[in-house]
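Please treat every number below as a calculation from the coordinates, not as lab data. Worth saying up front: this structure is predicted, and the values here are computed from it rather than measured. All Cβ positions, glycine included, derive from the backbone under ideal geometry; neighbour counts span all protein chains shown.
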Amino acid sequence: MFKKEIIIKRELIDKIAASLTSADIFGEEILANDKRSVIVSKNVTGKKIAAKAEIHDNYADIFLVKDGQEKIFIGGEISDKRKIAPGEWRGEILKNAKTYNIKAGDIIIIPKGIAHRHGEGLVKMIVIKIGK
């Protein structure tokens, strides 16, 4: 029998949030269920990743912003998209996206198949991917 669910207790959220530093690698995985239909990671955005737009065909993203602020671009289309893995697309140019200013305490939900890109600023966040 495989584990479908993941319970993230407040203590773990606090521990992850306390461990986030600006030196963290973008996208360090913390937890996943057996079939990887739910993945939890800790992330710090910044200038080094701001240029890449992405689309996940198989996962929705939920961002729990713990610290900082940034612009995020959601929607539109990636005009130069290229497949980097099954169901994963990246590109430099995101056209016709909506711009949002996000900060600590915000929760952002991006459904699967929707283009998005992190912009100016730096946020420390917990990311939950749900899909497949």
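Annotations
- A crude spin-label estimate for the pair ILE6 and ALA104, with each label 7 Å from Cα along the Cβ direction, gives 2.4 nm.
- Longest exposed-site-free window of the chain, the sites being GluC sites (Glu not before Pro) in a DSSP loop that have at most 13 other C-beta atoms within 10 Å: 6-91
- 3J(HN,Hα) from dihedral phi, region 107-114, Karplus parametrisation 6.51/-1.76/1.60, rounded to Hz, x for glycine, proline: 10, 10, 10, 10, x, 4, x, 9
- 222 nm mean residue ellipticity, helices alone, for the chain (DSSP H n ≥ 4; -39,500 (n - 2.57); rounded to 500): -2000 deg cm²/dmol
- Solvent-free Debye scattering, log10 I(q)/I(0), computed from the Cα coordinates of the chain at q = 0.13, 0.22 Å⁻¹: -0.53, -1.44
- Result for the chain in a Gaussian network model with C-alpha springs under 10 Å: among ILE84, ILE16, ILE110, the largest mean-square fluctuation is at ILE84.
- Estimated distance in nm for a label pair at ALA85 and LYS35, the labels positioned 7 Å out from Cα along Cα-to-Cβ: 1.9
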